[in-house]
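This report refers to the structure that appears directly beneath it.
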Amino acid sequence: MRLLILAFLGICCLAAYTVEGVGTEVPDKTICVSLTTQRLPIKKLKTYTITEGFMKAVIFITRRGLKVCADPQVEWVKKAVRTIDKSTRRNVSQTKPTGAQQSNNTAVTLTA
């Protein structure tokens with residue numbers, strides 16, 4: 001009887017531990033409450049995201065990891081987004097596959 005109760009408690013603890021992880025991964029939602037009016041140096045910006053909602057904004061992420069909200073209608077913000085997009089495309093096209101990923105264009109036919 002004690003073994004049955006101990007096994008039941010063990011299963012309950014295991015279930016509680018595994019269920020705890022489900023649904024706890026909340027996506028990072030950044031809400032802008034104000035927009036910066038100060039122009040940010042493009043060279044210090046790493047990436048950006050665009051938020052939709054009651055306040056539409058571009059959230060720039062700096063190389064230090066700071067998040068700064070800016071008005072997407074302002075010209076310097078549009079230019080910064082274009083510059084980041086260009087540099088991202090250039091970095092993707094310049095990356096070369098490693099030796100294991102390189103294709104040697106050989107076909108293999110399997111016969112049964």
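Only the coordinates and a few stated rules stand behind these numbers; no lab work does. Just so we're clear, the structure is a prediction, and the values are computed from it rather than from any experiment.
Observations on the model:
- Residue-wise HN-Hα coupling along region 33-40, computed from phi with Karplus coefficients 6.51, -1.76, 1.60 (Hz; x: Gly, Pro): 9, 8, 10, 6, 9, 7, 6, 9
- Residue-by-residue Karplus 3J(HN,Hα) for region 46-55, coefficients 6.51, -1.76, 1.60, Hz, glycine and proline x: 9, 7, 8, 9, 10, 10, 10, x, 5, 10
- With N counted as the residues of region 29-91, its alpha-carbon radius of gyration over 2.2 N^0.38 Å works out to 1.04.
- Taking amide H atoms as placed 1.01 Å from N in the peptide plane, the amide H of residue 36 lies under 5 Å from those of 69, 70, 71, each 5 or more residues away in sequence or on another chain.
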